[in-house]
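Down below is the structure, laid out as structure tokens.
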Amino acid sequence: MNSARSVRPRGFKDTLAALNSAQKPGIGVPAYTRWVNRRVARVFAAAAVKFGITPNGVTAISAGFSALGLLVLLFAAPTVVTGFLVALLFALGYALDSADGQVARVTGASSPAGEWLDHVVDSVRVPSVHLAVLIGFVRYSEHWAFTGWQLWWLPMAFTVVTVGHFMSQILAEQLRNNRKTAAPPTGGPLRSFVNLHMDAGTLCWIFVFWGFGLGFIVVYGVLFAGNLLTMLVSMRRKYISLSSSGA
């Protein structure tokens with residue numbers, strides 16, 4: 001999606017209007033990403049184009065916000081303020097993660113190298129969040145209703161589910177492209193709300209509960225269960241779809 005070449009500055013309003021009229025389809029996209037994150041990303045993308053920031057530059061800024069959120073999560077005591085700050089930093093990182101692709105499209109600066117970089121950053125970012133939760137459970141064990149060692153399996157299992165589902169989606173998409181076959185139907189607008197538990201934005205904002213101890217564990221556990229169930233259903237659908245394509 002991104003390219004290292006320079007971006008010519010354009011007017012903020014003109015760029016924002018161009019982005020508003022040239023959006024990717026939203027059918028099946030989780031609700032927060034579809035109606036909140038993409039809109040915020042368009043504003044960031046228009047600002048990046050105005051100031052001549054390349055798509056890869058936006059990717060780097062996105063990674064920086066996420067890294068800062070991870071550092072706060074790792075080294076600050078789990079309070080309400082800490083949780084809100086982490087959620088905000090993660091949400092900004094996620095919005096900028098969507099903005100880099102929009103900058104690439106509106107400036108014609110797309111490239112395989114940029115798309116590769118975007119996916120690499122994503123594949124590192126999300127597992128890092130769950131591993132930071134694991135460290136937080138152990139390091140601040142007195143904050144939780146259970147000891148950190150009793151909770152170690154939850155973020156580790158969430159990491160496995162996240163990585164497995166991400167790989168499943170990327171690989172299935174590549175196999176379909178190679179065989180020139182269509183993806184299974186994704187459903188109507190209601191599916192955007194059904195998939196809200198899979199939304200990266202949802203994962204960002206659950207950290208507002210970080211300072212509430214057991215409250216975070218309950219929300220995080222419910223989110224894990226939803227992701228696990230959806231991953232199993234999704235993988236079954238992909239396997240059947242790809243088997244049919246192969247036949």
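All of the numbers you see were taken from the coordinates with simple rules; none came from a lab. This structure is a prediction, so every number in the text was calculated from the model and none was measured. Using ideal geometry, Cβ is built from the backbone for each residue, glycine included, and neighbour counts are taken over all protein chains shown.
In what sequence do H119, H130, H143 fall when counting other Cβ within 10 Å, fewest first? Kindly include the intermediate steps, with their values, before the conclusion.
Numbers: H119 13, H130 21, H143 18.
Fewest to most other Cβ atoms nearby, the residues stand as H119, H143, H130.
Our coupling estimate for segment 127-135, obtained by passing each phi through the Karplus curve with A = 6.51, B = -1.76, C = 1.60 and θ = phi - 60°, is x, 4, 4, 5, 5, 5, 4, 4, 5 Hz, Gly and Pro reported as x. Contact order for the chain, expressed relative to its length and based on alpha carbon pairs under 8 Å spaced 6+ residues apart, stands at 28 percent.
Shape analysis of segment 112-231 based on the Cα gyration tensor places the equivalent ellipsoid semi-axes at 31, 17, 12 Å, largest first. Among G93, G114, G164, the residue with the largest mean-square fluctuation in a Gaussian network model of the chain, with springs joining Cα atoms closer than 10 Å, is G164. Taking a straight Cα-Cα cut-off under 21 Å and skipping sequence neighbours fewer than 8 places away in the same chain, the lysines within cross-link reach of K24 are K13, K180. If you take the charge dipole of the chain about its Cα centre, with +1 on Lys and Arg Cβ and -1 on Asp and Glu Cβ, which of S244, V40, L134 is farthest toward its positive end? Looking along the dipole axis, the top candidate is S244.
Multiplying the residue separation of V160 and A47 by 0.36 nm and removing their Cα-Cα distance gives an extension gain of 37.1 nm.
A simple count of charges around R176, restricted to other residues whose Cβ falls under 13 Å of its Cβ and scoring Lys, Arg +1 and Asp, Glu -1, yields +3. Measuring r between the beta carbons of A76 and Y239 and using R0 = 45 Å, the FRET efficiency lands at 0.60. For L68 and T230, the FRET efficiency from 1/(1 + (r/R0)^6), where r spans their Cβ atoms and R0 equals 41 Å, is about 0.90. Each of R34, R176 was scored by other Cβ atoms within 10 Å of its Cβ. Listed from fewest to most, they are R176, R34. Ordered by the count of other Cβ atoms within 10 Å of each Cβ, fewest first, T230, T15 give T230, T15.
Its Cα gyration tensor gives the chain an equivalent ellipsoid. The semi-axes, each the square root of 5 times an eigenvalue, are 31, 25, 15 Å from largest down. The stretch between W35 and Q169, if pulled fully straight at 0.36 nm per residue, gains 46.1 nm over its current Cα-Cα span. Computed extension gain for L190 through F12, at 0.36 nm per residue and net of the alpha carbon distance, reaches 60.8 nm.
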